[in-house]
Structures are given as structure tokens and as C-alpha cells.
1. Using the structure shown, list the pairs from Lys98/Lys128; Lys62/Lys110; Lys20/Lys62 with a Cα-Cα distance above 22 Å, or answer none.
2. Using label points projected 7 Å from each Cα along Cα→Cβ, tell me how many nm separate Lys105 and Asp90, to one decimal.
Amino acid sequence: VTAPSTTTFDASVVSDGHIKIINDQGKFHTQINNNAFPPVMSYIEPQKPTSTGITFIDHQRKRFAELVNTASVIGIIGVHINPEDRHIWDPLAQCQAKLVYCAGKISASKFECWRSKNRTHRRDRVLKGYFEDKFENICSELGL
């Protein structure tokens with residue numbers, strides 16, 4: 001939840017400021033019910049901009065890209081590909097790390113399609129199945 005220090009009013013309301021992390025569920029519900037600004041979040045809808053905690057969200061996206069670029073192996077478990085989430089999939093497409101992807105057949109098939117367009121000649125591994133069933137394989141591929 002954010003306590004806005006910068007607020008912009010135009011066609012939409014945008015706030016940015018200090019981020020306060022709330023771990024207590026009661027305090028969280030109080031903030032949700034009594035605060036005019038929504039929690040820090042980044043919307044999945046591509047045409048809807050981040051409205052709260054813009055600096056925080058941008059920092060998290062940059063940090064994700066940095067971590068991806070320095071990793072040697074990355075596990076992606078149960079995540080469906082959404083090409084519009086460029087802040088996630090662009091760094092993964094460009095990194096040198098081995099990707100270990102584990103999901104059901106439909107998601108795995110979509111990942112393989114994405115991979116064939118974005119990560120040719122890489123040593124990625126696709127595990128078609130679910131976390132519980134592929135746990136040992138995941139650990140082995142990740143070197144755990």
C-alpha cells in the first residue's frame with residue numbers, strides 16, 4: 001500500500017511515493033477499505049497503465065531484468081506465457097541462462113512456440129507436467 005507523495009490528476013489519477021509493506025491481514029483490510037489509493041500493483045491489461053507505486057514497479061521490473069541477466073539457470077514453474085508481459089518475457093528471451101520450464105501440456109506447448117521464436121539454439125528444458133509430478137526433475141535440472 002502506498003502513501004502518495006506525488007499525485008497527478010488528468011484523465012486518470014496516478015500516485016507515486018513511499019511504499020509501506022503490510023504483513024498483518026487486519027491492517028491490510030483497513031488500508032484497502034479506508035485508503036483512496038489502491039495497493040501497489042501492475043495491471044495485466046496492456047492498455048491500462050500502472051497507477052500506484054510507479055517508481056516501485058519500475059524498480060522491480062529493472063531488478064528482475066538484472067537478476068535474469070546474471071543467472072545461469074532459471075526455473076519457470078506453472079506460468080502461462082503472455083507475450084504482452086514484455087517486462088517478463090523480453091529479459092527471458094534475451095538472457096544467456098538455461099530456462100527450465102514446467103507446466104501442463106497446453107502451457108508447455110505455448111512456451112515451446114515462444115521459445116522457437118525467441119530462444120533458438122539455447123539449452124532450455126521443457127518439462128510437460130505439474131510441479132508435484134515433476135518436482136525431482138525440476139530439482140535435477142536446476143542443480144538443486
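Coordinate-derived values only; no laboratory data. Just so you know, these numbers come straight off a predicted model, no measurement behind them. When we count neighbours, we look across all protein chains shown, and the Cβ atoms used for this are built from the backbone with ideal geometry, even at glycine.
1. From the list (Lys98/Lys128; Lys62/Lys110; Lys20/Lys62), the Cα-Cα distance tops 22 Å for Lys62/Lys110.
2. In this crude label model, Lys105 to Asp90 measures out at 3.5 nm.
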